[in-house]
Amino acid sequence: MKKILAFAGSNSSTSINHKLVEYVASEIVDHKIKVLKLVNYPMPMYSEDEEKNNGFPGMTMGLKQEISEVDALLISVSEHNGSWSAFFKNVMDWLSRLDRNFLQDKKILLMSTSPGQRGGISALEYAKNVLPRFGGEIVESFSFPSFYANFSEEENQITDETLLLGLKEVLTTFAHQIK
């Protein structure tokens, strides 16, 4: 049984990426999974001056510790103007300053969703290029388009059969890769 940490790169209280993370986490069996909200790890906007004058925020060290204790990560990135959110970038900036290889030896299932048909694909592609720089290995990825049209929040389920099958295939591959 592997340990998995799951979170969304969003600070929205109504984050659809967090809803996707919770759903996917509930579908993972035979592994211990912990879902957290990054907003519970507040960090000031990164700057060299902030780091020099005040050091690393305690929450950065706490989040790094959470990451270091698991075998794999389930991350869903939200898209803002074709990239990941400024909130998530700030978290990544602090973590990478604390330890450049904070994702070392972590297998990652990377996802994104959005209300639109592209499903946050630009943020997903950006994350696929950046996260390996910190030592992580993207073993599978999944873009979930048109969240509100393809997911029932009331029933907590994917309503589009093709997307559901695609996600199940991704989860099977991910589970195989983290064994």
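The values are calculated or read from the model by the stated rules, or taken from the named source; none is laboratory data. Being a predicted model, the structure only gives us computed values, none of them experimental. Backbone-built Cβ (ideal geometry, glycine too); neighbour counts: all protein chains shown.
Residue count for the stretch 53-89, restricted to those that are among the hydroxyl-bearing types (S, T, Y) and touching a strand residue (DSSP E or B) at 6+ places or on another chain (Cβ under 8 Å): 3. Scan the stretch 95-114 and give yes if some residue there is touching a Lys or Arg at 6+ places or on another chain (Cβ under 6 Å) and among the basic types (K, R), otherwise no. Checked against the condition, which is being touching a Lys or Arg at 6+ places or on another chain (Cβ under 6 Å) and among the basic types (K, R), the stretch 95-114 yields no hits at all. Of everything in the stretch 105-125, what is more than 25 Å from M61 (Cα to Cα) and either surrounded by fewer than 23 Cβ atoms within 10 Å (Cβ to Cβ) or out of contact with any Leu (no Cβ under 6 Å at 6 or more places or on another chain) (or both)? Give them in sequence order. S114, P115, G116, Q117, R118, G119, G120, I121, S122, A123, L124, E125, listed by residue number.
Within the stretch 166-176, is there a residue that is within 16 Å of L109 (Cβ to Cβ), modelled with pLDDT of 95 or more, charged (D, E, K, R) and surrounded by 18 or more Cβ atoms within 10 Å (Cβ to Cβ)? No - not one qualifying residue is present in the stretch 166-176. Only residues in the stretch 143-157 that are within 14 Å of V24 (Cβ to Cβ) count as the first member; pair them with residues that are of a type in the set (D, E, K, R) and assigned to a loop (DSSP other than H, G, I, E, B), Cβ under 8 angstrom, at least 6 apart or cross-chain, and list the lot. Once the first residue is within 14 Å of V24 (Cβ to Cβ) and sits in the stretch 143-157, its partners that are of a type in the set (D, E, K, R) and assigned to a loop (DSSP other than H, G, I, E, B) give S143/R118; N150/D160. When Y41 is tested against the conditions (1) touching a residue at least 60 places away in the same chain (Cβ under 8 Å); (2) in contact with a helix residue (DSSP H, G or I) (Cβ under 8 Å, 6 or more places away or on another chain); (3) aromatic (F, W, Y), the lone failure is (1). For the stretch 49-104, the candidate set comprises residues that are aromatic (F, W, Y) and closer than 17 Å to L36 by Cα; within that set, the residue that is surrounded by the fewest Cβ atoms within 10 Å (Cβ to Cβ) is F87.
Listed conditions (1) within 20 Å of L95 (Cβ to Cβ); (2) touching a residue at least 60 places away in the same chain (Cβ under 8 Å); (3) among the basic types (K, R) are all met by K64, apart from (2). Within the stretch 131-146, the set of residues being touching a Phe, Trp or Tyr at 6+ places or on another chain (Cβ under 8 Å) and assigned to a helix (DSSP H, G or I) comprises just one member, F134. Do the conditions hold for T113, that is, is it of a type in the set (S, T, N, Q) and over 13 Å from the mean Cα position of the chain (by Cα)? No; evaluated as a whole, the condition is false for this residue. Within the stretch 112-124, no residue that is farther than 8 Å from E79 by Cα sits with its Cβ atom under 6 Å from a residue that is at pLDDT below 95 and β-branched (V, I, T) at 6+ positions apart or across chains. Among residues of the stretch 80-102 that are closer than 18 Å to P42 by Cα and at pLDDT below 95, those with a beta-carbon under 6 Å from a residue that is surrounded by 16 or more Cβ atoms within 10 Å (Cβ to Cβ) and among the aliphatic types (A, V, I, L, M) at least six positions away or on a different chain give the pairs W84/V77; W84/A123; W84/A127.
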